[in-house]
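Just so it is clear, none of the values below were taken in a lab; they were calculated from the coordinates. Every value quoted in this text rests on a predicted model; they were computed, and no experiment measured them. No Cβ is skipped: glycine too gets one built from the backbone with ideal geometry, and neighbour counts run over all protein chains shown.
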Ligand SMILES: Nc1nc2c(ncn2[C@@H]2O[C@H](COP(=O)(O)OP(=O)(O)O)[C@@H](O)[C@H]2O)c(=O)[nH]1
Ligand SMILES: [Mg+2]
């Protein structure tokens, strides 16, 4: 007799005719139970979502293309799968392998595929760590990426796709983020935004087929693309240079983040060889002093040495960026720190005569990783308007000058005699004779300005000691908390026990029959007694 | 600054100009005087004087001038080509009291003409004319030399702020002419991409014919 059984019949409840949104109007099955107004709203939202998903899907497809491309490259390294046509290519890879192995140690983000073997060794050594890192990264990724962008873990840990999974994953996170930013940015431009997106994607696809081109041709392709794009934008924005530049910056960021791994230090060039040569050269020049270069910077002033350290950090950081403009920004930041150091020392604005020697000094101190590759990459793929006339371009040019100077540097350029130069280069003598005695003085509190590197080491050690102490305190606190919890639990248990003992729970089994506890029983008349009649 | 014309042309020229010359002839002093109107001033606000910019309006055309200081010491001489690559103009400075510095200018001129041809506008500047009494380079010789190599000659004093505005304004006008001639040449078939890759950006929403007149520079 419940109401439910009634509803199962033909009866239609009034509430079922109303809009599902609960707005009070009548709904319609054709509008999925909504009223016309709510339906329109819902439809709009769905459409919007659809648009967004379309973009996301486009992105995903792009990524899949890239993944497929990467794995097809990976296959080449397996002899059984190597087609004959690729045989020559493999041989050249073989030849460069030795150099590449070294590079792998320094580079967080180099190309994928062909050189799998040497990298596996590296992986084995740090296996446990890597795995831990992977898990962490996956967790982070889960937190920050949209569900549709997550690939399944099995797909990700697929063997042999890339030499170092955790690294490539990190860069793919960055690629995702850049793509998302790009799409977000273009949304504000509406229709042209979509056109730009389409063009960029088509270009990237196109470039994937051109991986056999030489570096100059690759550069030409990208530069032509920039040129065409900015010409079109110029027409669209009616000559507003600033707006064009703003879009072009985003275009560069999007395109170059994606092309990076194929066009940075490509195998068709000797960039890598030059990197190593420069690295060795700088190492061999470790003895060059501030005085020999006439650097107008006094590192005894703490503020100055602080700026010097920052400048060194900035120029080293350049290698970690993928977008040419971001690399340029590192050079600019480095230069600004140099200017600060000069301004504090000399109390006048730095001229080129001050700046260039100081930059040379910084480069010698920093020995930035893959310096030549980075310079080539910026030259080939940066938006030209920045490189030619802009401030960034000036600093970049000076960096090129610094490298050229370091390559050609001889006794004369340091005002040394040829003999002295030879002796220093061969390591037979050191111009800093007094330094070994100075080193021990540069103790923790001494702040020995003689060697900024050493001071830095001591500062870092101090920091580490501080961190260790804090960690110890945290651990102590945690242990305290743990024992507090344990003793609290024990005390609660004890109390409960005490109470239980004080007031023992006695469960009295009901003595009588069913209605024994019926209070009303008393009021009932006594049960009828059988009356016996004799007669 | 230059006459702010009512011209409707919305072009922006971007020019790169390098400063070349021996150390101590006054290169840095010249730009600081031009861009900050300061000389030997301890209270200069700019952090650096190696890359300075100036915005000009010449005959209604906007000009962004980027002035690149170069390291003048002899040991950096070989780096010159890296600095002056893609520049539209070069200011070659010597010290009128120093004959040697004038010889250095001659070397630079040779090198620039060899590397960049006639694309680049050259200015030869005899600085420190406030030290006229100690002059070691004859005016006539310097001016004749400049003319012989297709350069313009100027005299200046960063100390007294003499001849500097004129020098830069003149140079800008000549660079504009060169750029326009370039556009006209490129207009006949060649692609424009080479143009902007050389560093000159001409944003042009006027018909080509309008600028072919070439007379805009005589206005200021
Ligand atoms: N008397 C005089 N001295 C000048 C003039 N221009 C620069 N100087 C001085 O010449 C020296 C070198 O100038 P600087 O601008 O550093 O030359 P740079 O090495 O070519 O950049 C400084 O001491 C200036 O004060 C000038 O027009 N007249
Ligand atoms: Mg100077």
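Using a 10 Å cut-off around each Cβ, can you sort B:182, B:130 from fewest to most neighbouring Cβ atoms?
Exposure proxy ranking, most exposed first: B:130, B:182.
Taking the Cα centroid of the range A:187-213 and of the range B:139-178, what is the distance between the two, rounded to the nearest whole Å?
48
Please express the Cα-Cα pair-distance distribution P(r) of the range B:1-125 as a list of whole percents, one per 10 Å bin, running from 0 to the bin with the greatest distance.
In order of increasing distance, the bins hold 12, 39, 33, 13, 2 percent.
Based only on Cα atoms, what Rg/Rh ratio does the range A:223-283 have, Rh being taken as Kirkwood's radius?
Here Rg/Rh amounts to 1.22.
Treat the count of other C-beta atoms within 10 Å as a stand-in for reagent exposure and order A:420, A:354, B:98 from fewest to most.
Result, fewest neighbours first: A:420, B:98, A:354.
Ratio to report: Rg/Rh of the range B:64-117, with Cα atoms as the point set and Rh obtained by the Kirkwood method; give two decimals.
0.95
List B:62, A:177 from most exposed to least, where exposure is judged by having the fewest other Cβ atoms within 10 Å.
So the ranking, lowest neighbour count to highest, is A:177, B:62.
In Å and from the alpha-carbon atoms only, list the Rg and Dmax of the range A:273-326.
14.2, 38
Calculate the translational D of the range A:304-346 in whole µm² s⁻¹ from Stokes-Einstein, where the hydrodynamic radius comes from the Kirkwood formula applied to all Cα pairs, the temperature is 4 °C and the viscosity 1.567 mPa s.
126
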